[in-house]
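Student: Take this structure, written in structure tokens, and hold onto it; I'll ask about it next.
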Amino acid sequence: MDHSLHTRLNDAELNSEVLEGATIYGADDHKVGKVSHLHGFGATAQVIVDVGGFLGLGAKPVAVPIRDLEFMRDDKGDVHAVTTWTKDQLEKMPEHHH
């Protein structure tokens with residue numbers, strides 16, 4: 001997928017209502033997880049990403065700084081993000097506990 005053609009989200013759109021459920025694409029452009037929820041807001045927010053699992057079962061929640069994710073909309077208006085993290089790196093992160 002050519003993410004360079006997608007519209008980046010502005011700071012006002014970086015909130016739970018817009019981001020929850022967004023697919024995260026890793027360094028190799030493969031899906032690495034989905035946004036579960038956010039902690040905080042703005043540049044210091046932590047995005048809780050569900051990594052691994054199958055069909056939503058067995059996924060591991062990990063906290064990623066929002067600055068490590070670039071959120072955008074594709075030509076259909078669907079929100080997603082790209083990151084330099086790989087799925088393996090995310091799966092090795094400590095599990096986030098609510």
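The values are calculated or read from the model by the stated rules, or taken from the named source; none is laboratory data. Since the model is a prediction, treat every value here as computed from it, not as a measurement. Every residue, glycine as well, gets a Cβ built from its backbone with ideal geometry; the counts of neighbours run over all protein chains shown. The protein model used for the area step is the full one, side chains on, heavy atoms only, and it has no ligands, DNA or RNA in it. Shrake-Rupley method; radii C 1.70, N 1.55, O 1.52, S 1.80 Å.
Student: Pick from Asp88, Asp75, Asp29: which is most flexible by mean-square fluctuation in a GNM of the chain where alpha carbon atoms under 10 Å apart are linked?
Tutor: Of Asp88, Asp75, Asp29, the Gaussian network model singles out Asp75 as fluctuating most.
Student: Tally Lys and Arg at +1 and Asp and Glu at -1 over the other residues with C-beta under 13 Å from the C-beta of Thr44: what net charge comes out?
Tutor: Spelling it out: positives minus negatives among the neighbours equals -1.
Student: Averaged per residue, what accessible surface does segment 12-98 expose to a 1.4 Å probe, in Å²?
Tutor: Heavy-atom accessible area per residue stands at 59 Å².
Student: Give the accessible area for Arg73 in Å² (nearest 10); use a 1.4 Å probe, count only protein heavy atoms, and leave out ligands, DNA and RNA.
Tutor: My reading of the accessible area for Arg73 is about 70 Å².
Student: I'd like the distance separating the alpha-carbon centroids of segment 18-48 and segment 54-98, in whole Å.
Tutor: One Cα centre to the other: 4 Å.
Student: For Leu9, what charge total do you get from the other residues with a beta carbon under 14 Å from its beta carbon, if Lys and Arg give +1 and Asp and Glu give -1?
Tutor: Once positives and negatives cancel, what remains is -4.
Student: How large is the dipole of the chain about the Cα centre if only Lys and Arg carry +1 and Asp and Glu carry -1, each at its Cβ, rounded to the nearest 20 debye?
Tutor: 200 debye
Student: Right, here's the next one. Per 0.36 nm of contour for each residue apart, how much would the distance between Phe41 and Phe54 grow if the chain were fully extended, relative to their Cα-Cα spacing?
Tutor: 1.8 nm
Student: Here's another thing I want to ask about it. Considering every pair of different Cα atoms, what Kirkwood radius, in Å, is found for the chain?
Tutor: It works out to 13.4 Å.
Student: While we're on this one: Let me know the number of lysine pairs in the chain closer than 16 Å at the Cα, not counting same-chain pairs under 8 apart.
Tutor: Lysine pairs meeting both conditions in the chain amount to 6.
Student: How big is Rg to Rh over segment 53-98, alpha-carbon atoms, Rh as the Kirkwood inverse-mean-distance radius?
Tutor: Here Rg/Rh amounts to 1.01.
Student: Taking 0.36 nm per residue of sequence separation and subtracting the Cα-Cα distance, how much length would be gained by fully extending the chain between Glu91 and Glu17, in nm to one decimal?
Tutor: 24.1 nm
Student: At a 1.4 Å probe radius, carbon and sulfur cover how many percent of the accessible area of the chain?
Tutor: 53 percent
Student: For the chain, run through the GluC sites (Glu not before Pro) and keep only the ones in DSSP coil with at most 10 other Cβ atoms within 10 Å of their Cβ.
Tutor: Glu95
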